[in-house]
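Worksheet for the structure shown next.
The values are calculated or read from the model by the stated rules, or taken from the named source; none is laboratory data. Values in this document were obtained by computation on a predicted structure and should not be read as measured data. Cβ sites come from the backbone with ideal geometry, for glycine too, and all protein chains shown count toward neighbours.
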Amino acid sequence: MRSDYCGALRSADIDREVTLCGWVDRRRDHGGVIFIDLRDRDGIAQVVFDPDAAEHFELADRVRSEYVLKVTGRVRARAPEAVNPNMVTGEVEVYGTALEILNTAETVPFQLDEHTAVGEDVRLKYRYLDLRRREMQHNLRFRSKLTTAIRNYLDGEGFLDIETPILTRATPEGARDYLVPSRTHEGKFFALPQSPQLFKQLLMVSGFDRYYQIAKCFRDEDLRADRQPEFTQIDIETAFLGEDDIMSITEGLVRGVFSELMGVELGDFPRMSYYEAMLRFGSDKPDLRIPLELVEIKDLMTEVEFKVFSGPANDPRGRVAALKVPGGNDKLTRKQIDDYGKFVGIYGAKGLAYIKVNDKSDLESGLQSPIVKFLPVETRAAILERMEAENGDLIFFGADKAKIVSEALGALRCKLGEDLNLYTAEWAPLWVVDFPMFEEEDDGSLTSLHHPFTAPSCAPEELEKNPLEALSRAYDMVLNGTELGGGSLRIHDQAMQQAVFRTLGIDEREQREKFGFLLDALKYGAPPHGGLAFGLDRLVMLMTGSESIRDVIAFPKTQSAACVMTDAPGTVDTRQLRELNIRLRQKEEQVS
């Protein structure tokens, strides 16, 4: 039907006859000459109809925005004064000789250009229209190119693309499963996979030593800008390779796609331990573009009478840390400081203490803060020395449980970097390594920091004796404060896997019930293996500069895990429920 895409026309096409198909982006009538901007997935071409086109000119006069057209005409150069340098097709136009209206369109609920501000709820309701916008067309085209580049790279490294099941069984991986009732097995349920983790390990046992899959995964969890209930993961697993080998291959993948698709050569990928990342940046995915760091001052606060500081300072699970903003006195107003106090409250902090350093030589009146009066002069001097403070600096403080302080000041550090534009580079990649195997919950129980199939760096006996001191052979790739992907060497020994399960409080009965097939497979010559999974949606979001992964997914869900376009999830009729042996429990009406 078409000979060319609209956005593909260039000066080299002058005098060619072309047939274009697309949507009317704009229609303009200039003194008896009709201009139509015709849009398709490649871009926009300007089509001109004048009265010499006879009935086609009359037809052009009737078209409106978003009509679907087929246009035939001759490519010609625009007049010099009409050249549009902002369009890739801006040097040419099509002189229309024939026009066919393939379909009409009602007035759209919002204008489909980048200058129109419209709420996300409206965009998602009419997603098929939103996807016509130039930004969304670019994002999804880029996503397609990225997945092609990823496949080409992994194919070249000897990886095999192997699909794993979508209907599987529920396994504990840190989030709630989406359950699918079975009609043929009464009272039993499938689960949608949170990841292909167990199946890709079984593929290693099967001898397919280099596997990959661009896999759909599902997690029934609370959502944020970078989370979706269904998401896409670049899943990779290898056998007979160590951490350095796997990190080198996957680092090469990321370097390659940035170079090929964006012309960006990423710098070094430094390695940093989890402990160092939390200590210096309050995050296990630090944004190294921001030159601010947390400084530990717990030892300086143990003897002060100010309980807000001395309490956490004397608590083994507490932390007292400070964050210096050079020149912050002039950069931040009192209102902004108060707003930052509210911001850290999101992360559980009870407040945000601060000191303005007006004159560091005057420890009595040169420091401005509500808390200075509670700190002895020698403590003030020690704080300024450790923080390497200068006149005009602003110092923020956090004092609470270590997790709260790290998360609150870590988030504040990133917000300050954004608000004050403190970035020192465009891209800052990083490997975070040496993660703890476990973390302790408030009730004293242990959970896996990654997942229970991660290999520890110690023997089973040491693991069970000192679980909180055990490190894992795990590694996360971080870019600009976003975790691109995480992976580890896996447990390939049955005794070690059972030791991890015991440490997590999973008894033998539960082990057999949930993981019996994996434990059995480990008995039959499981090779050393490991892998990594990238979040494809996050990677596209970063590379396109989008603010949300919903802008790089064709049909995403809202933050409440709903689809406002199809009105999903929806109800089903009683016949379907009866076939599944399910009866809904009605909520009791509240008595007013």
Quick one: which helices (runs of 4 or more DSSP H) sit completely within region 107-168 and have at least 1 residues that are in contact with a Gly (Cβ under 6 Å, 6 or more places away or on another chain) and either assigned by TED's automatic domain parsing to the domain that holds residue 179 or of a type outside the set (Lys, Arg) (or both)? 134-156
Out of 589, 547, which single residue is under 21 Å from residue 124 (Cα atoms), part of a loop (DSSP other than H, G, I, E, B) and at pLDDT below 90? 547
With the condition kept exactly as written, say whether any residue in region 259-274 is assigned to a loop (DSSP other than H, G, I, E, B), under 28 Å from the mean Cα position of the chain (by Cα), crowded, with 20+ Cβ neighbours inside 10 Å and not hydroxyl-bearing (Ser, Thr, Tyr). no
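If you go through region 343-369 one residue at a time, how many are among the polar types (S, T, N, Q) and either touching a Cys at 6+ places or on another chain (Cβ under 8 Å) or not in a loop (DSSP other than H, G, I, E, B) (or both)?
Restricting attention to region 343-369, the residues satisfying the condition of being among the polar types (S, T, N, Q) are 358, 361, 365, 368-369.
Applying the additional criterion that residues be either touching a Cys at 6+ places or on another chain (Cβ under 8 Å) or not in a loop (DSSP other than H, G, I, E, B) (or both) yields 368.
Of the residues in region 343-369, 1 are among the polar types (S, T, N, Q) and either touching a Cys at 6+ places or on another chain (Cβ under 8 Å) or not in a loop (DSSP other than H, G, I, E, B) (or both).
Name the residue that is surrounded by the fewest Cβ atoms within 10 Å (Cβ to Cβ), counting only residues in region 157-199 that are among the basic types (Lys, Arg) and within 24 Å of residue 507 (Cα to Cα). Don't jump to the end; show me each part of the working.
Of region 157-199, the ones among the basic types (Lys, Arg) are 169, 176, 183, 188.
After this cut, where a residue has to be within 24 Å of residue 507 (Cα to Cα) as well, the list is 169, 176, 188.
Values: 169: 16, 176: 14, 188: 10.
Of everything passing the filter in region 157-199, 188 is surrounded by the fewest Cβ atoms within 10 Å (Cβ to Cβ).
Give 530, 505, 485, 525 a once-over and let me know the one that is part of a loop (DSSP other than H, G, I, E, B) and in contact with a strand residue (DSSP E or B) (Cβ under 8 Å, 6 or more places away or on another chain).
Working: 530 fails: part of a loop (DSSP other than H, G, I, E, B); 485 fails: part of a loop (DSSP other than H, G, I, E, B); 525 fails: in contact with a strand residue (DSSP E or B) (Cβ under 8 Å, 6 or more places away or on another chain).
Within the list 530, 505, 485, 525, the selection yields 505.
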Answer yes or no: is there a residue in region 370-388 that is within 26 Å of residue 283 (Cβ to Cβ), assigned to a loop (DSSP other than H, G, I, E, B) and touching a strand residue (DSSP E or B) at 6+ places or on another chain (Cβ under 9 Å). yes
List the strands (runs of 3 or more DSSP E) that sit entirely inside region 421-470 and contain at least 3 residues that are modelled with pLDDT under 95 and either out of contact with any Pro (no Cβ under 7 Å at 6 or more places or on another chain) or farther than 17 Å from residue 284 by Cα (or both). 446-448
Condition test on residue 57, is it in contact with a Phe, Trp or Tyr (Cβ under 7 Å, 6 or more places away or on another chain) and buried (at least 19 other Cβ atoms within 10 Å of the Cβ)? no
Would you please name the residue that is nearest to residue 20 (Cα to Cα), looking only at residues in region 106-128 that are free of Cβ contacts under 8 Å to residues at least 60 places away in the same chain and of a type in the set (A, V, I, L, M, F, W, C)? 108
Residues being assigned to a loop (DSSP other than H, G, I, E, B), under 21 Å from residue 554 (Cβ atoms) and out of contact with any Phe, Trp or Tyr (no Cβ under 7 Å at 6 or more places or on another chain) - total across region 175-234: 7
Go through region 495-517 and give me each residue that's modelled with pLDDT under 90 and either crowded, with 21+ Cβ neighbours inside 10 Å or polar (S, T, N, Q) (or both). 511, 515
Kindly provide the set of residues from region 324-356 that are hydroxyl-bearing (Ser, Thr, Tyr) and either in contact (Cβ under 8 Å) with a residue 60 or more places away in the chain or in contact with a strand residue (DSSP E or B) (Cβ under 7 Å, 6 or more places away or on another chain) (or both), ordered by number. 340, 347, 354
Of the candidates 68, 88, the one satisfying the condition of being among the β-branched types (Val, Ile, Thr), within 35 Å of the chain's Cα centre (by Cα) and surrounded by 14 or more Cβ atoms within 10 Å (Cβ to Cβ) is 88
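For region 29-42, state whether one or more residues are small (Gly, Ala, Ser) and either outside any strand (DSSP E or B) or under 24 Å from residue 139 (Cβ atoms) (or both). Write out each step before concluding.
Within region 29-42, the first condition is being small (Gly, Ala, Ser), and the residues that meet it are 31-32.
Checking the rest, the ones that are also either outside any strand (DSSP E or B) or under 24 Å from residue 139 (Cβ atoms) (or both) come to 31-32.
Yes, region 29-42 contains at least one residue that is small (Gly, Ala, Ser) and either outside any strand (DSSP E or B) or under 24 Å from residue 139 (Cβ atoms) (or both).
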Restricted to region 207-258 and to residues being crowded, with 16+ Cβ neighbours inside 10 Å and hydroxyl-bearing (Ser, Thr, Tyr), the residue nearest to the chain's Cα centre (by Cα) is 232
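Here is a yes/no grid of residues against (1) among the acidic types (Asp, Glu); (2) under 21 Å from residue 111 (Cβ atoms); (3) outside any strand (DSSP E or B); (4) in contact with a Ser or Thr (Cβ under 8 Å, 6 or more places away or on another chain):
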| site | (1), (2), (3), (4) |
| --- | --- |
| 12 | no, no, yes, no |
| 24 | no, yes, no, yes |
| 27 | no, yes, no, yes |
| 45 | no, yes, no, yes |
| 62 | no, yes, yes, no |
| 65 | no, yes, yes, yes |
| 72 | no, no, no, yes |
| 95 | no, no, no, no |
Mind listing whichever residues of region 389-414 are within 26 Å of the chain's Cα centre (by Cα), basic (Lys, Arg) and either crowded, with 19+ Cβ neighbours inside 10 Å or not in a helix (DSSP H, G or I) (or both)? 413
Among the numbered conditions (1) surrounded by fewer than 18 Cβ atoms within 10 Å (Cβ to Cβ); (2) farther than 30 Å from residue 245 by Cα; (3) at pLDDT below 95, tell me where residue 141 comes up short. (3)
Just the residues that are part of a helix (DSSP H, G or I) and either modelled with pLDDT under 95 or surrounded by fewer than 18 Cβ atoms within 10 Å (Cβ to Cβ) (or both), please, taken from region 309-339. 311, 329, 330, 331, 334, 335, 336, 337, 338, 339
Would you mention how many residues in region 530-547 are more than 19 Å from residue 195 (Cβ to Cβ) and β-branched (Val, Ile, Thr)? 1
